[in-house]
Amino acid sequence: MIAAVRIRGTVRVKADIKRTLELLKLKRPNHCVILEESPSIVGMLKKAKDYVTWGEISEETLKRLLEKDGIAEEGIKGHIFRLRPPRKGYRSVRLPWPKGDLGYRGKAINELLKRMI
């Protein structure tokens, strides 16, 4: 499963990217969704790479997210996790991973999510 977190806001976002973010249910900064890994989802994330970060979520981090919102694992599909900004802040909201925080980051998404919970 993939965790996707929106990092940047809505100012000057192109219409097609805005629509992609809406389809991913990432409407505001610091919102997180858990998605099934499929070629279409990965393509959507790559299209919105300048506004989101994503990676493979671990079972431990998923469990902490579910406990935070008090939902069962069956109710995870379509649920938006409203997180706070990460402790010690973002590195950069304009640069791609690893220098900044945007784009695909693999297993390192777990570290970011732990700072945001």
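The values are calculated or read from the model by the stated rules, or taken from the named source; none is laboratory data. Please read these numbers as outputs of a predicted model, since none were measured by experiment. Note: ideal-geometry Cβ built from the backbone for every residue, glycine included; neighbour counts use all protein chains shown. Just the protein is used for accessible areas: all its heavy atoms, side chains included, with ligands, DNA and RNA removed. Shrake-Rupley method; radii C 1.70, N 1.55, O 1.52, S 1.80 Å.
Summary of values
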{"read-out": "Dimensionless Rg over Rh [the chain; C-alpha; Kirkwood]", "value": "0.93"}
{"read-out": "Cleavage-rule hits (chymotrypsin sites (Phe, Trp or Tyr not before Pro)) in region 28-97: DSSP loop, at most 14 neighbouring Cβ within 10 angstrom", "value": "none"}
{"read-out": "Region 35-117, dipole about Cα centre (Lys/Arg Cβ +1, Asp/Glu Cβ -1), debye to the nearest 20", "value": "640"}
{"read-out": "GluC sites (Glu not before Pro) within region 18-117, DSSP loop, no more than 11 other Cβ atoms inside 10 Å", "value": "Glu36, Glu37"}
{"read-out": "The chain, relative contact order [Cα under 8 Å, separation at least 6], %", "value": "31"}
{"read-out": "Model label zone, His79; criterion: amide N under 13 Å from point 7 Å along Cα-to-beta-carbon; scope region 8-44", "value": "32-35"}
{"read-out": "Selected from Arg91, Arg105, Arg82 as most flexible by GNM, with the chain as the system and alpha-carbon contacts under 10 Å", "value": "Arg91"}
{"read-out": "Accessible area expressed per residue, region 1-69, with surrounding protein chains retained (probe 1.4 Å, Å²)", "value": "56"}
